[in-house]
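Nothing in this text is a laboratory measurement; each read-out follows from the coordinates by a stated rule. This is a predicted model, so every value here is computed, not measured. Positions of Cβ are backbone-derived with ideal geometry, glycine not excepted, and every protein chain shown enters the neighbour counts.
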Amino acid sequence: MKRVFGDRKTIIILLAPTLVIYVLLKLVPVLWSLGLSFFEGNTLRGFEFVGISNFTKFFSDPAAMQSLWVSVIFAVLATAGQIVLGYLLALLYVFVLRKGSAFVRTAVFFPMVLPTVAVALLFRSLVSVGSNQGPVNAVINVFGGHSIEFLASTVGTMGVALAMTYWSSMGFYAVLLYTGLLDIPDEIIESARLDGANGVRLVRHIVIPLSLPILISSIIFSFNSTLKVFDSLLALNNGGPGTSTSPLTLYMYRTAFEYSQYGYGSTIALVLTLLCLVFTLAVFRSSTRKADA
Amino acid sequence: MTAAQTLVQGRAESRTRDVRARRSPLQQALRVIRRLPVWILVAMLLVIVLYPQLWVVLGSFKSQTEFLSNPTWALPQGWDFSNYVQAFTRGNVAVNYRNSLLVTIPSVALILFLGVAAGYALEIMVWRGRNATLLLILGGIMVPGQMILVPLFTTYFHFGITDTPWPMIITYTVMGIPLTTFLMAAYFRTVPREIFEAVTVDGCGPLRAFFLIGMPLMRNAILTVALVQFFSVWNDLLIALTFTTKPSLATIQVGLLSLNDEYGSTQYGPLFAAISINIVVLGIIFLFLNKKIMAGLAAGSLKG
């Protein structure tokens, strides 16, 4: 039996195409990009070895620092909001709506499959001012407030970007966490209820600890994807006003493909990759330590 | 659970059933009132989620004067399709859709074929180093696309294919392989090995077993993974933007961006129409496949 499933030819036929493509077009480019971050220039102009000066440049480049800050702030706030809203929705599905939650679950999930660009342009219109004022400002007017030009300020743009992120992905995180909550045995909840735990206390002392593993993986996933935020901030306000809401990804894109600085662009990409890696390891380690304690 | 517990619980259940049966109208009314905050909450939630979509679809039927003179929540005065006509003729929406299909279908097909075969080779086949290989491929999930864009761009430029859809197809395939391989290996793990062993006892080689047993058994898993990859390719902007060297290559996402640059602040209809097409088309797909999509996206993130 072992011989049959150890057949070289079959393994090569099935695995070789994938492995060749993966190595040539993913691993090699990653190493290539790593190497490029020590060079300056581009394909047309030629490359020049500059040592670590791209890295020192990165940490003294105000635009780079600003985009690093935008990415991190966005990732932290987006992750926090997505997880909190998703968890509240999941609790609503499991403990309040129970069996009747299928429709709400599906409806709230739907925006997740919409293209981020379409959602960003939709939110752009929702908060628009002027001759074609959107519903958000119309509601503000109804309550007696003056129209707010959200996209004219950095804080406003970030607020709208976060709102659209919550709007489009809270249903996704709700389903993710919902499946985790369903795995908690009913008997445990029941016996905790009999012991007098209710409402907030039940959630804090029983439900959250028991759903911690799925909560941790959701946080890691959310942070990793929001740290790479690109579409929403680009489509919403083109990284503006100015470049004040341009994240690392957009700064990398512009550096490499608009200013043709391949070397420096690769350096920015490397910083982004390291950031994802460090964060994932940090959450992972802190969570295992908590589990040990 | 012991017999005594079952008995107690059973009795408790029958008691509640009795209460429910004998509930007076007053109690029923109280129950409704107690649930009222929940219903209000759910209604608000649905309004927040659904109204923006409804608003943009309704808006796509409004004329420019309606946009300017009527309040934003007014219904359109009629079913005027001219915004759609304009989006399709002047805004290139038709070309964008064709390009998106032209890129997405080959990419997803390639990703699936390569990923399923690799998953089988890594999970069903037995050989030294397979775990290390799986780990190597898994590492690729963590690497952001930005990390490989510059070298890939240089390579495509070198081969002179930057004016074709191939750079996008190849890049999407590379980006999709790690997760698909990993998910397929995980799905193959759930199939009892005996099934594959039984077939080979009957004289079927492992390669034939892959096509005869492996692929059909994985039908559901393949559909789930296909949906995950479809949405990630269809909705992508970064790779499409990088490799769109001329307007005739633009996918829907890139097309939406340029439509916004062109019309966004002057003429609202065509942009609303283009956004609405996205919502309606994906809404129809979602209507039929929502269970699969939800399960697939959840699995893709948790295992990834």
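Laid out as a table, the results:
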| read-out | value |
| --- | --- |
| Long pairs among B:LYS62/B:LYS292; A:LYS26/B:LYS246; A:LYS228/B:LYS291; B:LYS246/B:LYS291; A:LYS228/B:LYS62; A:LYS228/B:LYS246, criterion Cα-Cα beyond 31 Å | B:LYS62/B:LYS292; B:LYS246/B:LYS291; A:LYS228/B:LYS62 |
| Semi-axis lengths, Å, the protein assembly as shown, gyration tensor of Cα atoms, sqrt of 5 times eigenvalues | 39, 37, 25 |
| Gap separating the Cα centres of the range A:159-182 and the range A:75-95, nearest whole Å | 6 |
| Charge dipole (debye, nearest 20) of the range B:36-144; +1 at Cβ of Lys and Arg, -1 at Cβ of Asp and Glu | 320 |
| Residue mean of other protein chain beta carbons inside 10 Å, A:245-256 | 2 |
| Residue (of A:LEU212, A:PHE110, B:TRP79) at the positive-pole extreme of the protein assembly as shown, dipole from beta-carbon charges | A:LEU212 |
| Simple Cβ-charge dipole of the range A:125-236, Lys/Arg +1 and Asp/Glu -1, about Cα centre, in debye nearest 20 | 260 |
| Cα lying deepest toward the dipole's positive end in the range A:1-86, options A:VAL84, A:VAL20, A:LEU36, charges on Cβ | A:VAL20 |
| Electrostatic dipole magnitude of chain B [Cβ: Lys, Arg +1; Asp, Glu -1; Cα centre; debye, to 20] | 1480 |
| Choice from B:SER107, B:SER24, B:SER60 with maximal GNM fluctuation in chain B (Cα, 10 Å cutoff) | B:SER24 |
| Viscosity 1.002 mPa s, temperature 20 °C, Stokes-Einstein D of chain B from Kirkwood C-alpha radius, µm²/s | 89 |
| Rounded, prolate or oblate (a/c below 1.5 giving rounded, otherwise prolate when a/b exceeds b/c) for the range A:44-190 by Cα gyration tensor | oblate |
| Whichever aspartates and glutamates have a C-alpha closer than 17 Å to that of A:LYS9, once near sequence neighbours (fewer than 8 apart) are set aside | B:GLU123 |
| Neighbourhood charge, 14 Å Cβ-Cβ cut-off, centred on B:MET175 and excluding it, Lys, Arg +1 and Asp, Glu -1 | +1 |
| Span from the the range B:202-233 Cα centroid across to the the range B:111-164 one, whole angstrom | 18 |
| Of the DSSP H helices in chain A, those whose Cα atoms cover at least 30 Å axially and whose Kyte score averages -0.5 or more | A:62-91, A:154-182, A:262-292 |
| Relative contact order (percent, whole number), chain B, Cα cutoff 8 Å, 6+ residue spacing | 29 |
